[in-house]
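Since the structure comes first, as structure tokens, the remarks are kept for the end.
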Amino acid sequence: MDDVREGLLYNEMHEWMMVDGENVTFGMTDHAQQELGDVVYVDLPDIGDEITMNDEIGALESVKTIEPIYAPVTGTVISVNGLLADAPQNINISPYDDGWMMVIKMADPSEKDILMDVGEYREFMKK
């Protein structure tokens, strides 16, 4: 059974989001990392980059494939998890803790309203 955490928001790209005011920390879900296999490289945007919801903003490379990373919300990248450059496997080992990817300052906080809560995400995963 996939680990799905209470108190987070989710999207259809199997990304999780933790909202703190106007800031969103996000990463790949446990389900996504299991599907990817062993992550060997992470390409993230730079701090200060402006991103738009659902646009491709980076990539995860695993032993099986290269998977795009999509922006969960529109805004400005204010922090990236620099540890992933040397330890991309943190996405597999600890997707909700050490494997977070970046923090985005939302341009439009109402965008989070279209994301799924944990119950909606569990139902989405059954499809």
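The values are calculated or read from the model by the stated rules, or taken from the named source; none is laboratory data. These numbers were taken from a predicted model, which means no experiment stands behind them. Don't worry about glycine lacking a Cβ; one is built from the backbone with ideal geometry, like all the others, and counts go over all protein chains shown.
Yes or no: the range 104-111 includes at least one residue that is assigned to a helix (DSSP H, G or I), at pLDDT 95 or above and in contact with a Gly (Cβ under 7 Å, 6 or more places away or on another chain).
No - not one qualifying residue is present in the range 104-111.
Inside the range 83-127, can you point out the residues that are loosely packed, with under 15 Cβ neighbours inside 10 Å, closer than 18 Å to Leu60 by Cα and of a type in the set (Asp, Glu)?
Asp86, Asp97
Restricting to the range 1-10, count the residues that are in contact with an Asp or Glu (Cβ under 9 Å, 6 or more places away or on another chain), assigned to a loop (DSSP other than H, G, I, E, B) and among the hydrophobic types (A, V, I, L, M, F, W, C).
Here the count works out to 2.
Restricting attention to the range 112-127, report how many residues are without any contact (Cβ under 8 Å) to a residue 40 or more places away in the chain and assigned to a helix (DSSP H, G or I). Walk me through how you get there before you give the answer.
Here is the first cut: in the range 112-127, the residues without any contact (Cβ under 8 Å) to a residue 40 or more places away in the chain are 113-114, 119, 123, 126-127.
Remaining after also requiring assigned to a helix (DSSP H, G or I): 113-114, 119, 123.
The qualifying residues number 4.
Residue by residue through the range 25-60, note down the ones that are within 12 Å of the chain's Cα centre (by Cα), closer than 13 Å to Ile93 by Cβ and in a helix (DSSP H, G or I).
Result: Asp30, Gln33.
Applying the selection to the range 11-24, what residues are assigned to a loop (DSSP other than H, G, I, E, B), surrounded by 14 or more Cβ atoms within 10 Å (Cβ to Cβ) and within 14 Å of the chain's Cα centre (by Cα)? Before you say what the answer is, go through the steps one by one.
Start the filter on the range 11-24 by keeping residues that are assigned to a loop (DSSP other than H, G, I, E, B), which leaves 11-14, 21-22.
Filter again for surrounded by 14 or more Cβ atoms within 10 Å (Cβ to Cβ), leaving 11, 13-14, 22.
If the condition is that a residue be assigned to a loop (DSSP other than H, G, I, E, B), surrounded by 14 or more Cβ atoms within 10 Å (Cβ to Cβ) and within 14 Å of the chain's Cα centre (by Cα), then Asn11, Met13, His14 are the ones that fit.
Let's see how each residue does on (1) of a type in the set (Val, Ile, Thr); (2) touching a strand residue (DSSP E or B) at 6+ places or on another chain (Cβ under 7 Å):
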| site | (1), (2) |
| --- | --- |
| Val42 | yes, yes |
| Lys64 | no, no |
| Ile69 | yes, yes |
| Ser79 | no, yes |
| Lys126 | no, no |
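Could you tell me how many of the residues in the range 61-95 are part of a loop (DSSP other than H, G, I, E, B), more than 29 Å from Asp117 (Cβ to Cβ) and without any contact (Cβ under 8 Å) to a residue 12 or more places away in the chain?
2
Considering Gly82, Gly48, which residue is at positive phi and out of contact with any Phe, Trp or Tyr (no Cβ under 9 Å at 6 or more places or on another chain)?
Gly48
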